[in-house]
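S.K.: Have a look at the structure that comes next, please.
The values are calculated or read from the model by the stated rules, or taken from the named source; none is laboratory data. These figures come from a predicted structure and were not determined experimentally. With ideal geometry, Cβ positions are generated from the backbone for all residues, glycine too; neighbour counts draw on all protein chains shown.
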Amino acid sequence: MTFIDTHCHFDFPPFEGDAAASLARAAAAGVEKIIVPAIDASRFSRICALAEAHPAIYAALGLHPIAIEAHQEADLDRLEAQLAQRLRKLVAIGEIGLDLYRDDPQFDKQQRFLEAQLRLAKQYDLPVILHSRRTHDKLAQILRRHDLPRRGVVHGFAGSLQQAQAFIKLGYAIGVGGTITYERASKTRHTVAQLPLDSLLLETDAPDMPLKGFQGQPNRPERARQVWETLCTLRDESPQAITEALWRNSQRLFQLEPHFPALRD
């Protein structure tokens, strides 16, 4: 079984400075490709360098709503400058989106930066990697208005079945991560069990979103395999069919190379 971790912050500790060993651990678990999304403009160059240095890694560049107070208008110019280079391994704009979890979310600014980045996604014909906390309905409304040709994925989804179906109807995939390893996450587990298999992507959000049994530890890309194992217990399809669908869905959305060398450096 081979997997693609479609969302891993590999530019942060514990991976920073330990890339080769971490990629080897991922390879041993069958994780052959990793997409690394940015959170702010200061990390653009670092992520692009990782993608160039390691065959397994692909880059996504964007301005995350969780760091909204740090983003400047000039950062949008920096993002467009990177996109204009059309780097071979830059496969998405992300992580972008909306977040109402914080006390002072600066929501108007969040929406302005999101919409600017959606326009760039359309201009450069790239999919988007979307963050959404307590904002699913608003995000769906904005996505409907922008009508991106390449669509994207709502990562780390933990909303209702109806909200997931609304995103899928718009053409967006749903990111499935470690939340489903917790029995108490019954709503999310029920949702991913009911959604069309061709709408799902596998992810870890490492080093965040630790799986059950690993609380208090940094999450890691090799644990995408354990997310897959849990997903197999929740769905009716065979493990082989689930694996093939997850791989195919990821390849199609991000237009990754169909053949891939060994992950080990």
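S.K.: Right, D108: at pLDDT 95 or above, in a helix (DSSP H, G or I), surrounded by fewer than 14 Cβ atoms within 10 Å (Cβ to Cβ) and of a type in the set (D, E) or not? Step through it out loud before you land on a result.
M.R.: Values: at pLDDT 95 or above: yes; in a helix (DSSP H, G or I): yes; surrounded by fewer than 14 Cβ atoms within 10 Å (Cβ to Cβ): yes; of a type in the set (D, E): yes.
Yes, satisfied.
S.K.: Give the residues of region 1-30 that are charged (D, E, K, R) and modelled with pLDDT of 95 or more, sorted by residue number.
M.R.: Filtering region 1-30 for residues charged (D, E, K, R) gives 5, 11, 16, 18, 25.
Passing the criteria: D5, D11, R25.
S.K.: In region 141-170, which residue that is of a type in the set (D, E, K, R) and within 17 Å of S250 (Cα to Cα) is nearest to the chain's Cα centre (by Cα)?
M.R.: Residues of region 141-170 that are of a type in the set (D, E, K, R), as a first pass: 144-145, 147, 150-151, 169.
Among the residues that remain, those that are also within 17 Å of S250 (Cα to Cα) are: 150-151.
Numbers: R150: 15, R151: 13 Å.
In this case the residue turns out to be R151.
S.K.: Continuing with the same structure: Which of the residues belonging to region 15-50 are within 19 Å of the chain's Cα centre (by Cα), over 27 Å from L200 (Cα atoms) and in a loop (DSSP other than H, G, I, E, B)?
M.R.: Across region 15-50, the qualifying residue is only E16.
S.K.: Another one. For region 73-94, state whether one or more residues are of a type in the set (D, E), touching a His at 6+ places or on another chain (Cβ under 9 Å) and either outside any strand (DSSP E or B) or within 20 Å of F254 (Cβ to Cβ) (or both).
M.R.: Filtering region 73-94 down to residues of a type in the set (D, E) leaves 73, 75, 77, 80.
Checking the rest, the ones that are also touching a His at 6+ places or on another chain (Cβ under 9 Å) come to none.
No: zero hits.
S.K.: I've got another one for you. I'd like to check something: does region 117-132 contain any residue that is buried (at least 16 other Cβ atoms within 10 Å of the Cβ), more than 19 Å from L90 (Cα to Cα) and not hydroxyl-bearing (S, T, Y)?
M.R.: No, there is no match, as no residue in region 117-132 is buried (at least 16 other Cβ atoms within 10 Å of the Cβ), more than 19 Å from L90 (Cα to Cα) and not hydroxyl-bearing (S, T, Y).
S.K.: Okay, next question. One residue is enough: does region 17-37 have a residue meeting the conditions closer than 24 Å to D125 by Cβ, touching a strand residue (DSSP E or B) at 6+ places or on another chain (Cβ under 7 Å) and without any contact (Cβ under 8 Å) to a residue 60 or more places away in the chain?
M.R.: yes
S.K.: Further question: Looking for whichever is outside any helix (DSSP H, G or I) and at pLDDT 95 or above here; the options are L98, L118. Which one fits? Please lay out each step first, then the result.
M.R.: Details: L118 fails: outside any helix (DSSP H, G or I).
The conditions single out L98.
S.K.: Another question, then. For the structure I just gave you, tell me whether A206 is touching a residue at least 60 places away in the same chain (Cβ under 8 Å), surrounded by 22 or more Cβ atoms within 10 Å (Cβ to Cβ), closer than 30 Å to Q141 by Cα and in contact with a helix residue (DSSP H, G or I) (Cβ under 7 Å, 6 or more places away or on another chain).
M.R.: Details: touching a residue at least 60 places away in the same chain (Cβ under 8 Å): yes; surrounded by 22 or more Cβ atoms within 10 Å (Cβ to Cβ): yes; closer than 30 Å to Q141 by Cα: yes; in contact with a helix residue (DSSP H, G or I) (Cβ under 7 Å, 6 or more places away or on another chain): yes.
It is true that A206 is touching a residue at least 60 places away in the same chain (Cβ under 8 Å), surrounded by 22 or more Cβ atoms within 10 Å (Cβ to Cβ), closer than 30 Å to Q141 by Cα and in contact with a helix residue (DSSP H, G or I) (Cβ under 7 Å, 6 or more places away or on another chain).
S.K.: Looking at E244, E257, which is the one that is within 17 Å of F3 (Cα to Cα), part of a loop (DSSP other than H, G, I, E, B) and over 17 Å from the mean Cα position of the chain (by Cα)?
M.R.: Values: E244 fails: part of a loop (DSSP other than H, G, I, E, B).
Just one listed residue meets the conditions, E257.
S.K.: If only one of L201, L195 is among the hydrophobic types (A, V, I, L, M, F, W, C) and surrounded by fewer than 22 Cβ atoms within 10 Å (Cβ to Cβ), which one is it? Before you say what the answer is, go through the steps one by one.
M.R.: Values: L201 fails: surrounded by fewer than 22 Cβ atoms within 10 Å (Cβ to Cβ).
None of the others qualify; the one that does is L195.
S.K.: Working carefully through the options A164, A173, A140, find the one that is within 23 Å of L120 (Cα to Cα), surrounded by 21 or more Cβ atoms within 10 Å (Cβ to Cβ), touching a helix residue (DSSP H, G or I) at 6+ places or on another chain (Cβ under 7 Å) and hydrophobic (A, V, I, L, M, F, W, C). Talk me through it step by step, then tell me what you get.
M.R.: Values: A164 fails: within 23 Å of L120 (Cα to Cα); A140 fails: surrounded by 21 or more Cβ atoms within 10 Å (Cβ to Cβ).
Of A164, A173, A140, the one residue that is within 23 Å of L120 (Cα to Cα), surrounded by 21 or more Cβ atoms within 10 Å (Cβ to Cβ), touching a helix residue (DSSP H, G or I) at 6+ places or on another chain (Cβ under 7 Å) and hydrophobic (A, V, I, L, M, F, W, C) is A173.
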